[in-house]
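**Student:** Here it is, the structure, as structure tokens.
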Amino acid sequence: LQLEAALHRALDHGQFEVHYQPRVSLGTMGTLGVEALLRWDHPEFGRVAPLEFIPLAEERGHIGTIGQWVLGAACRDVKRINDRFGMALHVSVNVSARQLRSPDLVAQVQQALAGSGLPAAALELELTESALIEDLDQSAEVLRGLKSLGVRLSIDDFGTGYSSLSYLKRFPIDVLKLDRSFVAESPAGDGFVRAVIGMAHALNLSVVAEGIETTGTMAALRDAACDEGQGYLFARPMPLEELEAFLADEE
Ligand code: G
Ligand code: G
Ligand code: MN
Ligand code: NA
């Protein structure tokens, strides 16, 4: 209850910050983009985990306002980085089930792009399989609206749910993100991982492996033709200033 009241005021009190985790090409090892991950630091409760406050925000109807703020901040920050470094990084923003059900999502995304000047092709929205299959017809309609703006769409946490690829026939998905449990449990490069990557490629999807922590895992995924990686081996999620230092180092 206390947490809910605090969450209600968090935006106005400037307690949210977007952190960014690099996504790296397994071919060139260069950074291609970043995932936006929301952080909440409360003066009393300290750092509250997204796994705790995102469900609360969804339940209490705050996710729309928070989600819009994240979209705006992420587009603005990455536009600034691209201008400053002469790069063309993309940014991925997580979209929860309730956001996907909202009639405002397409307009919010359009507004974040227009307000920042970030090209639509540089924005990716991460959706989960479970959110998509809640209502297949409504999801299909929202996804069509999002695609007509020119943004990219990815399936997040792949390997944790049904892990069906069949719905990809009806949805315009561009990227498959393998969940870190899937990456950790399947000895990378085993038949299962290879089959999923092969199927994704046959469907013209690009594949990102999450949660890469060791060079062994990275090498095996690269051998399995996985396109990109994300994980502590490359970098942790970090504030904007640290990301700028990270990119400056990389140059
Ligand atoms: O860094 P990590 O603990 O941050 O993130 C945990 C989970 O919280 C992620 O799986 C992600 O799906 C979710 N999450 C992080 N930031 C956001 C956000 O801005 N919006 C939504 N909807 N979920 C987020
Ligand atoms: O949205 P999603 O569930 O995919 O969010 C990714 C989560 O994974 C975030 O909480 C992020 O902080 C976390 N993460 C990113 N890289 C690693 C990693 O290499 N190891 C572990 N354990 N967690 C990671
Ligand atoms: Mn994600
Ligand atoms: Na994931």
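The numbers here are math on the coordinates, done by the rules we state, and not lab data. What you see is a predicted model; the values in this text were computed from it and never measured. Here the Cβ is made from the backbone with ideal geometry for all residues, glycine too, and neighbour counts use every protein chain on show.
**Student:** Could you check, for region 122-131, whether at least one of its residues is away from ligand 4 (no atom under 16 Å from the Cβ) and either part of a helix (DSSP H, G or I) or closer than 22 Å to residue 20 by Cβ (or both)? Quick ask: steps written out before the conclusion?
**Tutor:** Within region 122-131, the subset away from ligand 4 (no atom under 16 Å from the Cβ) is 122-123.
Retained after the next criterion (residues that are either part of a helix (DSSP H, G or I) or closer than 22 Å to residue 20 by Cβ (or both)): 122-123.
Yes, region 122-131 contains a residue that is away from ligand 4 (no atom under 16 Å from the Cβ) and either part of a helix (DSSP H, G or I) or closer than 22 Å to residue 20 by Cβ (or both).
**Student:** Let me ask another. List the number of the failed condition for residue 181; all other conditions in (1) more than 13 Å from ligand 2 (Cβ to nearest atom); (2) hydroxyl-bearing (Ser, Thr, Tyr); (3) part of a helix (DSSP H, G or I) hold.
**Tutor:** Evaluating residue 181 over (1) more than 13 Å from ligand 2 (Cβ to nearest atom); (2) hydroxyl-bearing (Ser, Thr, Tyr); (3) part of a helix (DSSP H, G or I) leaves (1) as the failure.
**Student:** Now, a different point. Can you list residue pairs whose Cβ atoms sit under 6 Å apart, with the first residue in region 13-34 being within 14 Å of ligand 2 (Cβ to nearest atom) and the second being of a type in the set (S, T, N, Q) and part of a strand (DSSP E or B)? Count only pairs 6 or more apart in sequence or on different chains.
**Tutor:** If the second residue must be of a type in the set (S, T, N, Q) and part of a strand (DSSP E or B), the pairs left are 22/31; 24/31.
**Student:** If you take the residues in region 82-96 that are assigned to a helix (DSSP H, G or I) and surrounded by fewer than 18 Cβ atoms within 10 Å (Cβ to Cβ), which one is nearest to ligand 4 (Cβ to nearest atom)?
**Tutor:** Only one residue tops the list, namely 85.
**Student:** Just to check your reading of the model, which residue among 118, 132, 125 is on the phi < 0 side of the Ramachandran plot, surrounded by 20 or more Cβ atoms within 10 Å (Cβ to Cβ), among the aliphatic types (A, V, I, L, M) and in contact with a Phe, Trp or Tyr (Cβ under 7 Å, 6 or more places away or on another chain)? Spell out how you get there, then give the answer.
**Tutor:** Numbers: 118 fails: in contact with a Phe, Trp or Tyr (Cβ under 7 Å, 6 or more places away or on another chain); 125 fails: in contact with a Phe, Trp or Tyr (Cβ under 7 Å, 6 or more places away or on another chain).
When all the criteria are applied, what remains is 132.
**Student:** Here's a follow-up. Given (1) touching a residue at least 60 places away in the same chain (Cβ under 8 Å); (2) buried (at least 16 other Cβ atoms within 10 Å of the Cβ), identify the lone condition not met by residue 168.
**Tutor:** Condition (1) is where residue 168 drops out.
**Student:** Could I ask something else about it? Please indicate, with yes or no, whether at least one residue in region 141-148 is in contact with a Ser or Thr (Cβ under 7 Å, 6 or more places away or on another chain) and either in contact (Cβ under 8 Å) with a residue 12 or more places away in the chain or not in a loop (DSSP other than H, G, I, E, B) (or both).
**Tutor:** Applying the first criterion (in contact with a Ser or Thr (Cβ under 7 Å, 6 or more places away or on another chain)) to region 141-148 yields none.
Taking every residue of region 141-148 in turn, none turns out to be in contact with a Ser or Thr (Cβ under 7 Å, 6 or more places away or on another chain) and either in contact (Cβ under 8 Å) with a residue 12 or more places away in the chain or not in a loop (DSSP other than H, G, I, E, B) (or both).
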